[in-house]
Amino acid sequence: MQIVTTTDSINLSAAATLHASLKHNGVLKKHDFAVIYFGESNDVYTYFKRYKVKVIVNPTFPFNVEELVAKSRRNPTGHKATWSKILLSELFPKSRRILSLDTDTVVIKNVDDLETLDLKGFPLGGCKTIGFNSLSNLCPRGKFTQKELDVQMINAGVLLINTSVWREKFFNQMVENVASYSKYFWYKREQTLINFTARDQRIILPQKWNTMVHRNPMQSDTVIVHWAGPKPWNINRESNFPDLWKFYRRMVKL
């Protein structure tokens, strides 16, 4: 299974901490890790090449990503890295399955079960979002019925991707949706686009694969910890379980 994260030079320490957690818990003995990097600095490339990690630099988008970035009204401003998840099937065409992880995650147990988990022919799987559950208030009314949009959203911070199905049945539709409906995707950025395109054509995974600790307590079966809210490296805002993130951060030598 191919594990992927995206970053820029600002978030290098977070991406490196995620990598440290994968390495420490033996995940990289069986699975590959790659980084998609946006920027001009050599810091990210140099750091990960030390560990023979594949780094893809500034990939090309099939749409005007600069326009999408400019439209973002969230803080921090949406940047290219968030939209690169759309490209995963194109960037890793030989990978049967891709695990996409945001840089504000760490992996604390093995993820082998995801490699064989039945996605039932759907392009992706993910865990339920917390606090913002439905597409109904985000998507264009008139084209779709309330019933079509009243589906449980999944959090895009952890995505399990069925690569061939994503490429054949999902990628082109996402690109078309960007062209037609991009004004609706400023809020939560790529997460809105992915949910809008997939709607109910995805598998809901158990929360252990994406334990969002700003709302959910850690459980004994938690595998992936996600600081979807306050970040553990932000000294100006308190987060839950910061010591767990710092444990892996201390393994990083930048």
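The values are calculated or read from the model by the stated rules, or taken from the named source; none is laboratory data. Owing to the predicted nature of the structure, the values given are computational and were not obtained by experimental measurement. Because the Cβ atoms are built from the backbone with ideal geometry, glycine has one as well, and the counts that use them run over all protein chains shown.
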Task: Count - residues of the stretch 215-254 that are exposed (fewer than 12 other Cβ atoms within 10 Å of the Cβ) and closer than 17 Å to Ser21 by Cα - done: 5
Open item on the list: For the stretch 74-97, which positions are at pLDDT below 90, surrounded by 15 or more Cβ atoms within 10 Å (Cβ to Cβ) and either part of a loop (DSSP other than H, G, I, E, B) or among the small types (Gly, Ala, Ser) (or both)?
Closed with: Gly78, His79, Ala81, Ser84
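When you look at Ala70, is it modelled with pLDDT of 75 or more and either touching a strand residue (DSSP E or B) at 6+ places or on another chain (Cβ under 6 Å) or small (Gly, Ala, Ser) (or both), yes or no?
In short, no.
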TODO: Considering only residues that are among the β-branched types (Val, Ile, Thr) and touching a helix residue (DSSP H, G or I) at 6+ places or on another chain (Cβ under 7 Å), look in the stretch 108-133 and name the one that is surrounded by the most Cβ atoms within 10 Å (Cβ to Cβ).
DONE: Val111
Task: Selection within the stretch 200-228 - touching a Ser or Thr at 6+ places or on another chain (Cβ under 7 Å) and under 11 Å from Thr105 (Cα atoms) - done: Thr211, Ile224, Val225, His226, Trp227
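With the requirement that a residue be assigned to a loop (DSSP other than H, G, I, E, B), out of contact with any helix residue (DSSP H, G or I) (no Cβ under 8 Å at 6 or more places or on another chain) and not small (Gly, Ala, Ser), what does the stretch 17-54 give you? Walk me through how you get there before you give the answer.
In the first step, residues of the stretch 17-54 are kept if they are assigned to a loop (DSSP other than H, G, I, E, B); the result is 25-26, 30-31, 38-42, 50-53.
Okay, now just the ones that are also out of contact with any helix residue (DSSP H, G or I) (no Cβ under 8 Å at 6 or more places or on another chain), so 25-26, 40, 42, 50, 52.
Selection gives Asn25, Glu40, Asn42, Arg50, Lys52.
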TODO: Could you please find all residues in the stretch 188-214 being farther than 15 Å from Asn133 by Cβ, part of a loop (DSSP other than H, G, I, E, B) and either within 14 Å of the chain's Cα centre (by Cα) or not polar (S, T, N, Q) (or both)?
DONE: Leu205, Pro206, Val213, His214
- [ ] Sort out which residues of the stretch 87-119 are within 15 Å of the chain's Cα centre (by Cα), closer than 14 Å to Asp32 by Cβ and among the hydroxyl-bearing types (Ser, Thr, Tyr), and write them in order of number.
- [x] Ser100
Open item on the list: Looking at (1) of a type outside the set (Asp, Glu); (2) modelled with pLDDT of 90 or more; (3) on the phi > 0 side of the Ramachandran plot, which one does Gly39 not meet, given that it meets all the others?
Closed with: (2)
Open item on the list: Checking Asn25 against (1) within 18 Å of the chain's Cα centre (by Cα); (2) in contact (Cβ under 8 Å) with a residue 40 or more places away in the chain, only one condition comes out false. Which one?
Closed with: (1)
Task: Matching residues in the stretch 42-51 - criterion: being buried (at least 17 other Cβ atoms within 10 Å of the Cβ) and at pLDDT 90 or above - done: Tyr47, Phe48
- [ ] Considering every residue within the stretch 158-175, establish whether at least one is surrounded by 14 or more Cβ atoms within 10 Å (Cβ to Cβ), at pLDDT below 85 and over 19 Å from Met1 (Cβ atoms).
- [x] no
Open item on the list: Going residue by residue through the stretch 139-149, is there one that turns out to be modelled with pLDDT of 90 or more, surrounded by 17 or more Cβ atoms within 10 Å (Cβ to Cβ) and not hydroxyl-bearing (Ser, Thr, Tyr)?
Closed with: no
Open item on the list: If I filter the stretch 213-242 down to residues being aliphatic (A, V, I, L, M) and at pLDDT below 95, which single residue comes out as farthest from Ala14 (Cα to Cα)?
Closed with: Met218
- [ ] Please enumerate the residues belonging to the stretch 19-42 that are of a type in the set (D, E, K, R) and more than 17 Å from Arg249 (Cα to Cα).
- [x] Lys29, Lys30, Asp32, Glu40
